[in-house]
Amino acid sequence: MPEGIIVIGENLSYILGGLWVTVAVVGGALSMGLGLGLLLALGQVYGNRLLQRIVGVYVWFFRGIPLLVLLFIFYFGLLSALEIDLSPFTVSIVVLGLISSAYQSQIIRGAILSLPEGQFKAARSLGMSDTRAILFIILPQALRLSIPGWANEYTIIMKDSAVTYALGVTEILARSRHVAERTYQHFWIYILAGCIFLVLTYIGTKLLQRLEEKVRISGYAH
Amino acid sequence: MAEKVPVLSVQDVHKQFGDTPVLNGVSLDLFRGDIKVVIGPSGGGKSTLLHCINFLVKMDAGNIYLNDTRIDQSRKRELYAYRQKVGMIFQDFNLFDHLDALHNVMIGLVQVRKLPRSEARQRAEAELERVGLKDHMAKYPAELSGGQKQRVSIARALAMEPEVMLLDEPTSALDPELIGEVHEVIRAMAALGMTMLLVTHEIGFASTLAKEIYFMDGGRILEQGPPQKILFDAEQARTREFCSKIGRLNENSD
Ligand SMILES: Nc1ncnc2c1ncn2[C@@H]1O[C@H](COP(=O)(O)OP(=O)(O)OP(=O)(O)O)[C@@H](O)[C@H]1O
Ligand SMILES: [Mg+2]
């Protein structure tokens, strides 16, 4: 048993080297998912029928296919078919980002729809354009309401990021596996990997909780 | 002498939701300084009328004129300019929940009228002071009473310097003891000569202010006239029935 601990000690810095890869994949995917998800949500709430349909199909598509299958479709299928050369790292961010955008669009859409519609009306009655009303009245509130949903989305993407190991992205799981195969300390090494993910999800959700408290509207009970 | 031109002229407005007709040709004129009150049973189309006047609900047919200019709602700039000139007060206030009272009033000045922030702030402070909320400017809607919220919303509308105010049951969501403070603000607006179209069930209050009362039912103005006539000597049976009911209600609540 102490041998496992020793192996962990020897390889900790190598495995933790994957931390930055994991954080970059997750950060990239969540940012991309937010930007795209926001546009999708706006399209679905305020767009015309056609746009709503398109968003609906998009969401259905990216929520309905397993991550690993999508990674393979993009990396082994699409890229070679289109003769584009992207690293597994980039493809992972893009695929996770697309999936996350589908989920985030529904978080934001739900938040927008939960706002009393009278505020939009009031903004328009002041002579505000729809765009400005969305930008200055709707989104500041909808984004606040989305934070708990993001905390959830963050943990999911964080955990999903381990799957990118299948493309050879050298994130935490890939490095752990590498060490485990070499040292035969599977149990201890994967426990370590699990702990690293636990810490990462914990830190992220805590930070989002902080953010939620910080931007909480005075007098507003949730 | 030339005919006086109404500030706001509403002509033959029709609206139906699905297959249900809600407005069946409503016309009315407001001249400068006019205060006209709309009464009528629930579902009679009063709110829909006010929304149509502000183009918040798309009317099926009809025209709106501001100072003799027909408003074409497909011209966005024209529409936005028109809405600034026509202030709207809602039954449930519709304050922006993420902004304090001051910024609720400021946002229209900054985002719509493009005033510099410092100037907008000054104006907003003055408007809030006018409605008696000098000491509550930093409070968020959730921290204000209903009466205070409605006064903020009036300040927000007045800050845009409207020529006409449309008020849709401004006190009906309020506890009885808070109605007075809002009535006081409306009275002050009236004293300054504001042109107003007011939907209300507070007929006592209405009759002290209004020059004319419209009785609306089934999407039509069934009868119109000076308060005394509509309330106590109406021609139509429907009007008499409604007014006696509402009169009894108001007596009971005293
Ligand atoms: N967005 C809408 N979609 C469908 N029907 C609507 C809509 N808005 C109003 N209506 C219907 O139109 C009719 C008139 O409603 P409106 O709110 O204008 O009445 P009101 O006179 O203001 O009543 P109240 O005194 O209760 O406020 C009602 O039958 C209502 O159900
Ligand atoms: Mg109404």
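The values are calculated or read from the model by the stated rules, or taken from the named source; none is laboratory data. Keep in mind that what you see is a predicted model, and the values were worked out from it rather than measured. Note: ideal-geometry Cβ built from the backbone for every residue, glycine included; neighbour counts use all protein chains shown.
Tabulated results
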| read-out | value |
| --- | --- |
| Those residues of region B:4-27 which are β-branched (V, I, T), touching a residue at least 60 places away in the same chain (Cβ under 8 Å) and within 16 Å of ligand 2 (Cβ to nearest atom), in sequence order | B:V22, B:V26 |
| Output for region B:100-112, where each listed residue is surrounded by fewer than 22 Cβ atoms within 10 Å (Cβ to Cβ), closer than 18 Å to A:G127 by Cβ and more than 8 Å from every other protein chain (Cβ to nearest Cβ) | B:H103, B:V110 |
| Filtered residue count, region A:137-184, keeping only those that are more than 23 Å from B:L99 (Cβ to Cβ) and within 14 Å of chain B (Cβ to nearest Cβ) | 0 |
| Residues being within 18 Å of B:P6 (Cβ to Cβ) and at the interface with chain A (Cβ under 7 Å from one of its Cβ atoms) - total across region B:84-99 | 0 |
| A:L211 vs. criteria surrounded by fewer than 16 Cβ atoms within 10 Å (Cβ to Cβ), assigned to a helix (DSSP H, G or I) and touching a residue at least 60 places away in the same chain (Cβ under 8 Å) | yes |
| Test: residue in region B:130-145 that is within 14 Å of chain A (Cβ to nearest Cβ), crowded, with 18+ Cβ neighbours inside 10 Å, out of contact with any His (no Cβ under 9 Å at 6 or more places or on another chain) and under 25 Å from B:K85 (Cβ atoms) | no |
| Some residue of region B:57-74 being within 16 Å of ligand 2 (Cβ to nearest atom), farther than 19 Å from B:S172 by Cβ, within 14 Å of chain A (Cβ to nearest Cβ) and surrounded by fewer than 20 Cβ atoms within 10 Å (Cβ to Cβ) | yes |
| Listing of helices (runs of 4 or more DSSP H) fully contained in region A:18-89 that carry 2 or more residues being among the aliphatic types (A, V, I, L, M) and more than 30 Å from A:P140 (Cα to Cα) | A:67-72, A:79-82 |
| Test set (1) within 16 Å of ligand 1 (Cβ to nearest atom); (2) buried (at least 16 other Cβ atoms within 10 Å of the Cβ) - B:P162 fails condition number | (1) |
| Enumeration of residues in region B:23-53 that are more than 8 Å from ligand 1 (Cβ to nearest atom), surrounded by fewer than 19 Cβ atoms within 10 Å (Cβ to Cβ) and not charged (D, E, K, R) | B:N24, B:G25, B:S27, B:F31, B:G33 |
| For B:I39: the one exception among (1) within 14 Å of ligand 2 (Cβ to nearest atom); (2) of a type in the set (A, V, I, L, M); (3) modelled with pLDDT of 95 or more | (3) |
| So A:S105, is it under 23 Å from A:Q141 (Cβ atoms) and touching a residue at least 40 places away in the same chain (Cβ under 8 Å) | yes |
| Qualifying position, being in contact with a strand residue (DSSP E or B) (Cβ under 8 Å, 6 or more places away or on another chain) and crowded, with 17+ Cβ neighbours inside 10 Å, among A:S161, A:S176, A:S125 | A:S125 |
| Looking only at region B:83-97, and only at residues there that are surrounded by fewer than 22 Cβ atoms within 10 Å (Cβ to Cβ) and more than 16 Å from ligand 2 (Cβ to nearest atom), the one that is farthest from B:A155 (Cα to Cα) | B:D97 |
| Tally, over region B:8-22, of residues that are buried (at least 21 other Cβ atoms within 10 Å of the Cβ) and farther than 30 Å from B:S244 by Cβ | 1 |
| Unique match (being surrounded by 23 or more Cβ atoms within 10 Å (Cβ to Cβ), among the charged types (D, E, K, R) and within 14 Å of chain A (Cβ to nearest Cβ)) among B:R117, B:R151, B:R156, B:R123 | B:R156 |
| Region B:124-147, residues that are of a type in the set (K, R) and free of Cβ contacts under 8 Å to residues at least 40 places away in the same chain | B:K134, B:K139 |
